[in-house]
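Asks: One structure follows; several queries about it will come next.
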Amino acid sequence: MKIIMLGAPGAGKGTQAKMIAEKFGIPHISTGDIFRANIKNGTELGAKAKEYMDQGLLVPDELTCDLVVDRIQQEDCKKGYILDGFPRTIPQAEALDAALTKLGENIDFAINVEVPDENIVRRMGGRRACVSCGATYHVVYNAPAKENVCDACGAELILRDDDKPETVQKRLSVYHEQTQPLIDYYTKKGVIAEVDGTIDMQDVFAAICKILGE
Ligand code: ADP
Ligand code: AMP
């Protein structure tokens with residue numbers, strides 16, 4: 001099963017993608033996580049990506065597409081995968097399509113998690129990310145057992161630099177301009193499915209499982 005998660009930054013794509021990946025035993029591929037791991041490891045890609053991420057801008061397509069096209073051809077992707085945060089532009093979607101055509105494959109579902117902008121701003125301010133394993137929490141909606149400590153690995157939880165309010169506004173406008181057109185793109189392909197992302201995360205998950213036929 002090959003799934004794409006669509007939605008604004010903070011809509012809950014990562015939260016749901018992790019649960020789906022676990023349930024279906026497929027890899028969760030998050031370009032945001034890949035860039036953050038590169039930043040942490042001090043790679044050249046990380047340094048380039050950080051310049052854009054800190055400003056709330058998208059990392060250029062030429063730094064992003066090949067990375068994903070390589071990743072989806074690895075052995076663990078044979079049974080399928082869930083893409084979270086990619087594609088984010090029409091050229092990225094076209095690059096993915098070109099690669100899939102070559103492989104004789106196709107996307108089964110593009111799930112759009114819908115959350116209005118005003119909820120997003122509230123959510124991002126409360127998001128906390130683990131500096132070590134990348135697990136994500138929310139101070140109100142998904143709090144860790146101990147404040148600012150990751151349940152999964154015990155490392156520190158932080159507010160991401162790009163979750164500060166001024167950067168969130170920029171990311172939302174970039175989303176509407178460059179990423180939202182993908183809803184039409186995947187609607188035309190007949191693979192779009194919409195879910196209400198404002199409800200409790202377990203209920204969002206139940207709605208997605210129904211779409212996936214589980
Ligand atoms: P994305 O991957 O789309 O950027 P996340 O999955 O990181 O978004 O979610 C953004 C924030 O909102 C996180 O702090 C997460 O814990 C919280 N969150 C996710 N889904 C819900 C939900 N259904 N209700 C309330 N908060 C949520
Ligand atoms: P995310 O963790 O998905 O919210 O991504 C964090 C940031 O990484 C985004 O705001 C972008 O700057 C960058 N990024 C992640 N995925 C992509 C992508 N597919 N294309 C361009 N930039 C991306």
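Asks: When the Debye formula is applied to the Cα atoms of the chain, each taken as the same point scatterer, what base-10 log of I(q)/I(0) results at q = 0.10 Å⁻¹?
Replies: So the normalised log intensities are -0.41.
Asks: OK, next. Among Gly126, Gly104, Gly14, determine the one that fluctuates most according to a GNM of the chain built with springs between C-alpha atoms less than 10 Å apart.
Replies: Gly104
Asks: Now for a different question. Contour minus end-to-end for Leu63 and Glu75, with contour as 0.36 nm per residue of separation and end-to-end as the Cα-Cα distance? Could the numbers behind the result be given before it?
Replies: On the way: separation 12, 0.36 × 12 = 4.32 nm, distance 2.23 nm.
Gain on extension, Leu63 to Glu75, equals 2.1 nm.
Asks: Count charges around Leu83 for me, please; just the other residues with Cβ under 11 Å from its Cβ, Lys/Arg as +1, Asp/Glu as -1.
Replies: +3
Asks: Given a cut-off of 27 Å, name the pairs among Lys2/Lys102; Lys102/Lys210; Lys18/Lys164 whose C-alpha atoms lie farther apart than that in the structure shown.
Replies: Working: Lys2/Lys102 16 Å; Lys102/Lys210 30 Å; Lys18/Lys164 24 Å.
Exceeds cut-off: Lys102/Lys210.
Asks: Going by how many other Cβ atoms sit within 10 Å of their own, how do Leu172, Leu58, Leu83 line up, fewest first? If you can, show how the numbers build up before the last one.
Replies: Numbers: Leu172 18, Leu58 21, Leu83 24.
Final ranking by Cβ density, sparse to dense: Leu172, Leu58, Leu83.
Asks: With label points built 7 Å along Cα→Cβ from the Cα atoms of Asp97 and Lys48, find their separation and express it in nm.
Replies: Reported label-point gap for Asp97 and Lys48 is 2.5 nm.
Asks: If you don't mind, there's one more thing I want to ask. Among Tyr185, Tyr175, Tyr81, determine the one that fluctuates most according to a GNM of the chain built with springs between C-alpha atoms less than 10 Å apart.
Replies: In the Gaussian network model the winner is Tyr185.
Read the figures in this text as sums done on the coordinates, not as results from a lab. No experiment lies behind these values; they were computed from the predicted model shown. For neighbour counting, all protein chains shown are included, and Cβ atoms are generated from backbone atoms with ideal geometry for every residue, glycine included.
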